[in-house]
Amino acid sequence: MNNSPEQAAIAAFFDSCARRGLMADFTSEERGKIPRLLARWNVKPGGRILEPGCGLGRLTRILAEAVGPGGLVMALDMSEEMLRRAAQRATLPNTTVRRGSVYEIPSEDGFFDQVICFCAFPHFTRKREALREMARVLRPGGSLCISHLSGRERLNRFHQETRSVVSNHLLPAGDEMRGMVEAAGLRVEHLKDTDEEFCLHAVKEEKGGKGMTGYIAVETTTATREDAEKIARALVERRLAACAQVSGPIASTYWWQGAIETAQEWRCRLKTKESRYAEVESAIRSLHPYSVPQIVAWPISHGGGDYLDWIEAEVK
Ligand SMILES: C[S@@+](CC[C@H](N)C(=O)[O-])C[C@H]1O[C@@H](n2cnc3c(N)ncnc32)[C@H](O)[C@@H]1O
């Protein structure tokens, strides 16, 4: 599990909340809202649900009952104390309680029908990374729900007023959220951002759906041919990309530290699965000598069926 000082401090904060029993149960007013939420989230018998940031598991059992014996719920949290208590309550056989981070979800690609992120998203400080990882574990057509029982402004004010490690854990405004969610490869179908409630519902594009094949081209640029070839070789060897083409030299013009620079660069373009983007980005970053490397990706909207099948087979 990623244990950076920032994440360790957040886990310690929630360990102490767990010891105090905070958010152990819904109030009766909140409980009254749950059936409507389950309907809005479209929770169905037989569904496979991931609940990241499950806390003390006040929602976990409700989800487990709603999906029934044919479905399953994985409740995930990085706070040991939260989980210890959640595990005592999650007694249904269709429920697994796992300690882990939303940035490294312990699941294969495309396993879940739904990710229900309930009262937890502001605490995921690396929001784009969290969204990409939640999108990775959703099956095509599966959905992500980010839901809160109070409005965004009230929630953000509440966090700010705690004067604690969560003071800057804010829920971004609707348009910013929409942009981040779509950048993770999900299509926003419903967004309610009112004084009373925040609810976002997004769907992972079906393969071959609207302008998407599920495959992407990722590009980076380097100062030397050797660096571009090193990245190409490493990513193909690690099966993070099916192929990579190095081309150049190219003439680049860009802003850097307040001045316009020009330089000769080399381009490395890789083809891979959309679901592996986060790993590809992190591998390029670890091999790249620049402090702010260009790492950008484009969806492949169409492609020869045999070629796309080949990418599928070679990226493992
Ligand atoms: C406000 S609590 C909400 C818990 C629960 N969803 C509920 O409504 O009762 C947020 C939870 O998110 C967890 N959390 C924060 N960052 C996390 C991360 N990166 N990965 C997994 N869980 C995380 C915390 O440990 C905490 O239990």
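The values are calculated or read from the model by the stated rules, or taken from the named source; none is laboratory data. Remember, it's a predicted structure, so these values are computed and weren't measured experimentally. Quick reminder, even Gly has a Cβ in these numbers, built from the backbone with ideal geometry, and neighbours come from all protein chains shown.
The figures follow:
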quantity	calculated
Residue check, GLN294 polar (S, T, N, Q), modelled with pLDDT under 95 and over 17 Å from ARG233 (Cβ atoms)	no
Residues of the range 199-247 that turn out to be over 18 Å from the mean Cα position of the chain (by Cα), in a strand (DSSP E or B) and not polar (S, T, N, Q), as a count	6
Hits in the range 125-142 - residues which are part of a helix (DSSP H, G or I) and either buried (at least 17 other Cβ atoms within 10 Å of the Cβ) or of a type in the set (Phe, Trp, Tyr) (or both)	LYS127, GLU129, ALA130, LEU131, ARG132, GLU133, MET134, ALA135, ARG136, VAL137
Matching residues in the range 61-73 - criterion: being within 12 Å of the ligand (Cβ to nearest atom) and within 22 Å of the chain's Cα centre (by Cα)	LEU63
Residues within the range 219-263 that are without any contact (Cβ under 8 Å) to a residue 24 or more places away in the chain and among the polar types (S, T, N, Q), tallied	4
Helices (runs of 4 or more DSSP H) wholly inside the range 15-97 that include at least 2 residues being more than 21 Å from VAL166 (Cα to Cα) and in contact (Cβ under 8 Å) with a residue 60 or more places away in the chain	28-41, 80-89
Filter result (under 19 Å from ARG239 (Cβ atoms) and either surrounded by fewer than 21 Cβ atoms within 10 Å (Cβ to Cβ) or touching a Pro at 6+ places or on another chain (Cβ under 6 Å) (or both)) within the range 278-291	ALA278, GLU279, GLU281, SER282, ALA283, ARG285, SER286, LEU287
Pair list, Cβ under 7 Å, 6 or more apart: the range 186-204 residue farther than 21 Å from LEU138 by Cβ, other residue modelled with pLDDT under 90	ASP193/GLY174
Considering residues of the range 151-164 that are out of contact with any Pro (no Cβ under 8 Å at 6 or more places or on another chain) and buried (at least 17 other Cβ atoms within 10 Å of the Cβ) only, the residue farthest from PHE26 (Cα to Cα)	ARG152
Failed criterion for VAL280 (all others in (1) in contact (Cβ under 8 Å) with a residue 60 or more places away in the chain; (2) assigned to a loop (DSSP other than H, G, I, E, B) hold)	(2)
Matching option when the condition is in contact with a helix residue (DSSP H, G or I) (Cβ under 6 Å, 6 or more places away or on another chain), on the phi < 0 side of the Ramachandran plot and more than 8 Å from the ligand (Cβ to nearest atom), among ALA39, ALA8, ALA90	ALA90
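Let's see how each residue does on (1) near the ligand (Cβ under 10 Å from one of its atoms); (2) farther than 30 Å from THR213 by Cβ; (3) modelled with pLDDT under 95:
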residue: SER79; (1), (2), (3): yes, yes, no
residue: MET82; (1), (2), (3): yes, yes, no
residue: ASP109; (1), (2), (3): no, no, yes
residue: ASP113; (1), (2), (3): no, no, no
residue: PHE118; (1), (2), (3): yes, yes, no
residue: VAL137; (1), (2), (3): no, no, no
residue: GLY141; (1), (2), (3): no, no, yes
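Here is a yes/no grid of residues against (1) loosely packed, with under 15 Cβ neighbours inside 10 Å; (2) of a type in the set (Gly, Ala, Ser); (3) in contact with a helix residue (DSSP H, G or I) (Cβ under 9 Å, 6 or more places away or on another chain):
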residue	(1), (2), (3)
LEU240	no, no, yes
ALA244	no, yes, yes
SER247	yes, yes, yes
TRP255	yes, no, no
LEU270	no, no, yes
GLU274	no, no, yes
VAL296	yes, no, no
